[in-house]
1. Name every residue in the stretch 224-276 that is without any contact (Cβ under 8 Å) to a residue 60 or more places away in the chain, surrounded by 15 or more Cβ atoms within 10 Å (Cβ to Cβ) and more than 20 Å from Phe79 (Cβ to Cβ), in order of residue number.
2. Given (1) among the hydrophobic types (A, V, I, L, M, F, W, C); (2) surrounded by 14 or more Cβ atoms within 10 Å (Cβ to Cβ); (3) farther than 29 Å from Ile223 by Cα, identify the lone condition not met by Phe129.
3. Output the residues belonging to the stretch 259-273 that are more than 14 Å from Ile214 (Cβ to Cβ) and not basic (Lys, Arg).
4. For the stretch 289-298, state whether one or more residues are surrounded by fewer than 18 Cβ atoms within 10 Å (Cβ to Cβ), of a type in the set (Gly, Ala, Ser) and either modelled with pLDDT under 90 or not assigned by TED's automatic domain parsing to the domain that holds Ser56 (or both).
5. The conditions are (1) assigned by TED's automatic domain parsing to the domain that holds Val119; (2) buried (at least 16 other Cβ atoms within 10 Å of the Cβ); (3) in contact (Cβ under 8 Å) with a residue 60 or more places away in the chain, and Arg210 fails exactly one of them. Which is it?
6. Check whether at least one residue in the stretch 62-85 is over 26 Å from the mean Cα position of the chain (by Cα) and of a type in the set (A, V, I, L, M), and report yes or no.
7. Within 12 Å of Ala316 (Cα to Cα), surrounded by 18 or more Cβ atoms within 10 Å (Cβ to Cβ), in contact with a strand residue (DSSP E or B) (Cβ under 8 Å, 6 or more places away or on another chain) and assigned by TED's automatic domain parsing to the domain that holds Thr309: does that describe Thr219?
8. Condition first: touching a helix residue (DSSP H, G or I) at 6+ places or on another chain (Cβ under 9 Å) and exposed (fewer than 14 other Cβ atoms within 10 Å of the Cβ). Now tell me which residues in the stretch 279-288 satisfy that.
Amino acid sequence: MNEVTTVGIDLAKSVFAVHAVGEDGRVLLRRMISRARLVETIANLPPSVIGMEACSGSHEWARRFQSLGHTVRLMAPAFVAPYRKSGKNDGNDAEAICEAVRRPTMRFVPIKTADQQAVLTLHRVRQGFVAERTAVINRLRGLLIEFGVTLPQGADRVRRGLHSLTERLPGLAARALNDLGAHLRVLDERVAEYDRELKRLAKGDADACRLQTIPGPVTASAIVASVGHASEFRNGRQFAAWLGLTPRQWSSGGKMRLGRITKRGDAYLRMLLVLGARALLRRAAARSDRLSRWALAVRARRGYHRALTAIAAKNARILWVVLAKGERFRALPA
């Protein structure tokens, strides 16, 4: 009897498309299933390989299906799209997922644990507060310039000069801007509180403790929560490519053409690594170790912004070595 061996599920909010095939590839199940009945339907199937796109809610569904005895594999949506045979709809998407997960060369996304997602929730909320704080500062500077008051760039300068400047403004405007200043102080406290919590979590994790010697506690915590097992990547370059820090290739006929970085990976992790590269480059002139001298040489040869990307990619490779081999980073001497 031909039993289901591979299942493709197109995730959604309320109604899910399920496409299941047997070992010979014959379609055995193709239907739309409501959210309330999805777990029951999957539980009634024999142990199978279940493929899904890595998207909102996919990690939670993956953990549920794993608890039912299935093997779950998540894939980037960009890797699934080429297997869609005709127009885009939920059924065809599920069929494409079912086809893609059967490919022996397919690359999969690591499934995160609930604890990893909890740590990433802290990072996402903190980043939201940081973005909101930046918006408040820009709003303050924009409103002050309407009254002929210009503030230099820099968040600290805005904080220091706001109270003395609002005293010279009309009452209504001063009140509104003081309210924005109070909101800015609340956001500062929130960000500082989350920073303390993330540092505490990083100190309690062995991998994060090893990584802190390179990017700092916040980035170390985000990397550990996002990556999980670095051994799933063959080498540091594949890890850097997963983060979107390697050039896009347009090569043909034996001619190698490299374009801009792909930006395929997690934008938040890439941003943290680039910020860390900026800090390293800022301090490089005062140091004489090999990494600092290399960073300065890249900046002189390729420019500031390309140097930041190159440093971020190198740091990503170093992070992979630290995570995959359980070693501590040791800066090379001059």
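1. Leu272, Leu273, Val274, Leu275
2. Status for Phe129: all satisfied but (3).
3. Passing the criteria: Gly259, Ile261, Thr262, Gly265, Asp266, Ala267, Tyr268, Met271.
4. yes
5. Failing condition for Arg210: (1).
6. Yes: the stretch 62-85 contains one or more residues that are over 26 Å from the mean Cα position of the chain (by Cα) and of a type in the set (A, V, I, L, M).
7. no
8. Arg283, Ala285, Ala286
The values are calculated or read from the model by the stated rules, or taken from the named source; none is laboratory data. Keep in mind that what you see is a predicted model, and the values were worked out from it rather than measured. Counting neighbours? That spans all protein chains shown, and the Cβs are built from the backbone with ideal geometry, glycine included.
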